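See structure below.
Just so it is clear, none of the values below were taken in a lab; they were calculated from the coordinates. Not measured: the values here are computed from a predicted model. For neighbour counting, all protein chains shown are included, and Cβ atoms are generated from backbone atoms with ideal geometry for every residue, glycine included.
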């Protein structure tokens, strides 16, 4: 079993844009047009209404937006995919990332990871971390609210 941990500013940004993209407003409307408010499934042209991220293993291991960023409904937003690397699997900070990633899987892959609204809120506020446990037959996603040591701020 492999445990991947995600806790960085890009994860918070990814959670916020995913939440905005899929959210319903108080009046029942969405910022995105209903026909655009779908999340893609990897390796297919299929979509789902369920919010989620892609978990990708190629040059490193990361999560990224699972929707077409060009359909993001906020004007002025830079139309770039948001990528959040797992701790220790960012090729910019780990010169052995290929070898380390190869221990997780010998093959590249992309998986759709469903995330709940509650997960997106905690991650989007920058007060959470995401843990993904991978076995040969299962992927389990858990989001934890981080504990802060208030005494450390004094």
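Mind checking the full-extension length gain between residue 140 and residue 3? Use 0.36 nm per residue of separation minus the Cα-Cα distance, one decimal, nm.
On the way: separation 137, 0.36 × 137 = 49.32 nm, distance 0.94 nm.
Extending this stretch completely gives an extra 48.4 nm.
Counting neighbouring Cβ atoms within 10 Å and putting the fewest first, the residues 50, 99 line up as 99, 50.
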